[in-house]
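Enquirer: My questions all concern the structure below.
Each reported figure results from applying straightforward, stated rules to the coordinates on display, with no laboratory input. Source: prediction; values computed, not measured. Cβ coordinates were reconstructed from backbone atoms using ideal geometry, including for glycine residues, and neighbour counts include every protein chain displayed.
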Number of protein chains: 2
Amino acid sequence: MNPEEFRAAGHQLIDWIADFRTRLPTLPVRSPAAPGEVRRRLPVEPPTGTVPFDQLLSDLDEVVMPGMTHFQHPAFYGFFPANASLSSVLGDLASGGLGALGITWQANPALTEVEEVMCDWMRQLVGLSTDWRGTIFDTASTGGLVALMAARERASRFSMREGGLQALPSPLVVYTTEEAHSSIPKAALLAGFGDDNIRLVEVDRSTFAMDPAALGAAIKEDIAAGRKPAVVVATVGTTATTAIDPVKAIAAVGRSNDLWVHVDAAMAGTAMLLPECRWMWEGVDDADSLVWNPHKWMGTVFDCSLFYVKDPAHLVGVFSSNPSYVRAAVDGQVTQYRDWGIPFGRRFRALKLWFQLELDGVESIKERVRRDLAGAQWLKEAAEATPEWRVLAPVPLQTVCLRHEPTGRSSDEVDAHTLSWVEAVNKSGQAYLTPARLDGQWMVRVSIGSLTTERSDLEALWGLMRSAAEAQ
Amino acid sequence: MNPEEFRAAGHQLIDWIADFRTRLPTLPVRSPAAPGEVRRRLPVEPPTGTVPFDQLLSDLDEVVMPGMTHFQHPAFYGFFPANASLSSVLGDLASGGLGALGITWQANPALTEVEEVMCDWMRQLVGLSTDWRGTIFDTASTGGLVALMAARERASRFSMREGGLQALPSPLVVYTTEEAHSSIPKAALLAGFGDDNIRLVEVDRSTFAMDPAALGAAIKEDIAAGRKPAVVVATVGTTATTAIDPVKAIAAVGRSNDLWVHVDAAMAGTAMLLPECRWMWEGVDDADSLVWNPHKWMGTVFDCSLFYVKDPAHLVGVFSSNPSYVRAAVDGQVTQYRDWGIPFGRRFRALKLWFQLELDGVESIKERVRRDLAGAQWLKEAAEATPEWRVLAPVPLQTVCLRHEPTGRSSDEVDAHTLSWVEAVNKSGQAYLTPARLDGQWMVRVSIGSLTTERSDLEALWGLMRSAAEAQ
């Protein structure tokens, strides 16, 4: 495709996207597709010729669209928001159009230095100290894995440079809670710690937040048994209920025992744009590493996960590689982000952040976050005021955990009821909710925060939930 | 930014990209920016207001462009090609515009199933057996790490589910060569094997390919010493010289010793579109996992790294996580790509492959690959026919390894000479070359394969290299 063909097709696609975003509210939120349905609409064998762009756009409409569950829909309340603000979509398009690849600073000085500046702007916007240096990863899963590997090497005094983890005399231990994102225990397993050495520290049964005293006790017990505590992961805004682990107390326990302290604020980081929310991560500057995903609530198109670290030199010690084919005269004077994580090459992801900050502005993002915080409080209060509905967890952010509990039903019956009325809502295409388990029972997470979700949408949702649940 | 603002700005940006790609040949290939130069053009503090789109476009021109090294330039011969075909850029734009997020099949059935189909189309296009199942990762570094972790768990009978790597009685060993990409030993270190347990198997001194007999001997020695050989990584198209490890023989040695066999064909995979090139990975169907990066030579905009595996159930055993908040009724009938690798969420990367295959067509891609193979042979022959120039390695693909060796200079003098004339070429902005070390000496890699590099460009390059080198 030459530049003139791109110009013509590009204009068509821009219009197609603008039209799609405009008619989004009329589409079903959850895809009605059955397993295999999308696959069957595509040929089994690869194409031998080419198709005109019009044809491909109509294939997008006919093959892909019916298989889409719409995270950008105003009635999307599933998982967590994964907003793709159109300003950031343009930044991502600029990145693709430029065709840049970061593998060294020299391979694209702008890619590296704009990333440095954007990470520092974002640091300032959430009030982190100047001790932090940032980079952009794909996901918080990768950030968690990088943190755990960095911690592993600090605790083992760089066992990777000798016999590896398999040569250690006493096992390293990882601490988190059962409310941590599944990527944290997964990262511990992938980093080689072993399931026996993952401690799920007790949480407070009403707030679902880590109990720092229980953390201290678990550490003491492991030390007494000859194991070596290596790292604790605190979560600000857990996935099930957006619980807030007490970072300050956890960091104090962690640091006094020489643990690496990682803070997973993938979801809540965006709320830290608001000074009135920063109590939620009080003590964060005492941590060693930190993750915040602008690709969630803030709305930078996926993937854009910020990873901050206090000691980049240690990170480079763990992740560096310096083969001859990437050496250049400027090495040593510049940041080589390749040495901060797993992939050798990187996209120009900073452009999407830059475009969003410059075009939408921080103030409009803050206003939207405040709108969603208020929306969650409204729904919480509406549910609390309604018979047989129960709010199951504190609502510090934008997620409300609810259950409709008709009188006289057993907990098994309530479980079946919950899954059934949620499925009725989802099947209607009018809204999308994802259930989760809490204290051994199913509940419904209403995760507010799609870019276009207004109070009227929440009111419609609450009506829909009530009629689906109360009719059964 | 609302859809109508996006429409207006999007059209401007499409034109900006089309114009950029048109004038690319007039720009310096390597950025002339000094360290810190781009950073200093941006404000230290984040913006408090917003800027109009025109302003942002002119910032792109003034802040970013002078800091770009242009991989899309017809005179780009550095590293390996990282082509961003404009058809695939549109596919990537569609992905951003749709704002899809894959975390479960249900979160976007189309995202999962189009990825399945594209991986299968690509499998067919390079003649792999039907035993392979594929997925898309960000980079071959990630693919290598996933392969090594999968191998680690197979060899240790899932030590991750118990005491982890740190509880193993005998250390696991990884085999590759010094010519493997740096991400392979790095992955071994990150996966916890330890530097002591990485064997760089001898290569043939004229082809730089792994010696399978030396592999067999190294395995035997490790077993005798009580260690457990776990995995061998063969490379088809190494980074320095595009050497071709003999996959068939390596896989035979590997399999007879119960090793996981990983094939890194990140670069050469694209050549396998041509039946006449498939001798290069003869035996590949005997491997356990395989990486091929369409985001290199083939031209799918970064990032798009195909990872194929024979036993997806084993992969899922290592990488699965199934928290309650992502469970759905269809689980078990569908592919959950989350369980095939590290990140929890994924972009709709398959769209860029689909767009490229449908719009550019496989035939035009094959034609371009043949053009580049012939171009490399032309340059090789030109150099061989010229006094004081030496071709240092076989040229099976698109990279020619050269040195200008003026009579009577010591090897140190030749090293200095090489770095000096390459710097003169790069500084001119007329072409970009990256040197590398081979057998302890610097040499020049001419890596052909930018989308727009024609024979006339190669002729101009050869003239430029001769005048830069022979003048010194």
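Enquirer: Go through the stretch A:392-432 residue by residue and tally those that are touching a strand residue (DSSP E or B) at 6+ places or on another chain (Cβ under 6 Å), part of a helix (DSSP H, G or I) and among the charged types (D, E, K, R).
Expert: Summing the residues that are touching a strand residue (DSSP E or B) at 6+ places or on another chain (Cβ under 6 Å), part of a helix (DSSP H, G or I) and among the charged types (D, E, K, R) in the stretch A:392-432 gives 1.
Enquirer: Right, something else. Checking A:GLY163 against (1) facing chain B (nearest Cβ under 7 Å); (2) in a helix (DSSP H, G or I), only one condition comes out false. Which one?
Expert: (2)
Enquirer: Could you grab me the full set of residues in the stretch B:25-56 that are assigned to a helix (DSSP H, G or I), within 9 Å of chain A (Cβ to nearest Cβ), under 34 Å from the mean Cα position of the chain (by Cα) and surrounded by fewer than 20 Cβ atoms within 10 Å (Cβ to Cβ)?
Expert: B:GLU37, B:ARG40, listed by residue number.
Enquirer: Across the stretch A:6-15, which residue is nearest to the chain's Cα centre (by Cα) among those that are in contact (Cβ under 8 Å) with a residue 24 or more places away in the chain and surrounded by fewer than 18 Cβ atoms within 10 Å (Cβ to Cβ)?
Expert: Ranking the qualifying residues of the stretch A:6-15, first place goes to A:GLN12.
Enquirer: Are there any strands (runs of 3 or more DSSP E) wholly within the stretch B:258-369 with 1 or more residues that are within 11 Å of chain A (Cβ to nearest Cβ) and buried (at least 21 other Cβ atoms within 10 Å of the Cβ), and if so which?
Expert: Result: B:305-309.
Enquirer: Looking only at the stretch A:439-450, count how many residues are at the interface with another protein chain (Cβ under 9 Å from one of its Cβ atoms) and surrounded by fewer than 24 Cβ atoms within 10 Å (Cβ to Cβ).
Expert: Number satisfying all stated conditions: 1.
Enquirer: Also: Looking at B:THR104 and the list (1) at the interface with chain A (Cβ under 7 Å from one of its Cβ atoms); (2) more than 30 Å from B:VAL284 (Cβ to Cβ), which single condition is not satisfied?
Expert: (1)
Enquirer: A further question on this structure: Those residues that are among the charged types (D, E, K, R) and free of Cβ contacts under 8 Å to residues at least 40 places away in the same chain, I need them from the stretch B:274-311; list them, please.
Expert: Result: B:GLU276, B:GLU282, B:ASP286, B:ASP311.
Enquirer: A follow-up question, please. All but one of (1) of a type in the set (Gly, Ala, Ser); (2) in a helix (DSSP H, G or I); (3) within 7 Å of chain A (Cβ to nearest Cβ) hold for B:GLY91, so report the exception by its number.
Expert: Every condition holds for B:GLY91 apart from (3).
Enquirer: If you don't mind, another one. Hey, among the residues in the stretch B:124-165 that are among the acidic types (Asp, Glu) and buried (at least 20 other Cβ atoms within 10 Å of the Cβ), which one's farthest from A:TRP340 (Cα to Cα)?
Expert: Of everything passing the filter in the stretch B:124-165, B:GLU153 is farthest from A:TRP340 (Cα to Cα).
Enquirer: For B:GLU113, are the conditions met, namely being buried (at least 24 other Cβ atoms within 10 Å of the Cβ) and charged (D, E, K, R)?
Expert: yes
Enquirer: May I ask you to say which residue of A:LEU128, A:LEU111 is over 30 Å from A:LEU438 (Cβ atoms) and assigned to a helix (DSSP H, G or I)?
Expert: A:LEU111 is the lone residue from the list that is over 30 Å from A:LEU438 (Cβ atoms) and assigned to a helix (DSSP H, G or I).
Enquirer: From the list A:ILE198, A:ILE244, which one is within 14 Å of chain B (Cβ to nearest Cβ), touching a helix residue (DSSP H, G or I) at 6+ places or on another chain (Cβ under 6 Å) and either surrounded by fewer than 24 Cβ atoms within 10 Å (Cβ to Cβ) or under 19 Å from A:TRP292 (Cβ atoms) (or both)?
Expert: A:ILE198
Enquirer: Here is a follow-up. Taking the stretch B:137-155, which residues are under 23 Å from B:ALA224 (Cβ atoms) and more than 9 Å from chain A (Cβ to nearest Cβ)?
Expert: The answer is B:ALA151, B:ARG154, B:ALA155.
Enquirer: Can you tell me which residue is farthest from A:THR270 (Cα to Cα) among those in the stretch A:194-238 that are part of a strand (DSSP E or B) and not aliphatic (A, V, I, L, M)?
Expert: Filtering first and then ranking leaves A:LYS228.
Enquirer: What are the residues in the stretch B:425-438 that are under 22 Å from B:ALA376 (Cα atoms) and either among the aliphatic types (A, V, I, L, M) or more than 10 Å from chain A (Cβ to nearest Cβ) (or both), if any?
Expert: Passing the criteria: B:VAL425, B:GLY429, B:GLN430, B:ALA431, B:LEU433, B:ALA436, B:LEU438.
Enquirer: Quick check on B:GLY375: is it free of Cβ contacts under 8 Å to residues at least 60 places away in the same chain and either hydrophobic (A, V, I, L, M, F, W, C) or out of contact with any Phe, Trp or Tyr (no Cβ under 9 Å at 6 or more places or on another chain) (or both)?
Expert: Taking the combined requirement at face value, the residue does not satisfy it.
Enquirer: Would you check which residues across the stretch B:64-88 are more than 7 Å from chain A (Cβ to nearest Cβ), in a helix (DSSP H, G or I) and crowded, with 24+ Cβ neighbours inside 10 Å and list them?
Expert: Matches in the stretch B:64-88: B:SER88 only.
Enquirer: Considering each residue of the stretch B:383-409, count those that are surrounded by fewer than 18 Cβ atoms within 10 Å (Cβ to Cβ) and under 18 Å from B:VAL444 (Cβ atoms), and give that number.
Expert: So the count comes out to 10.
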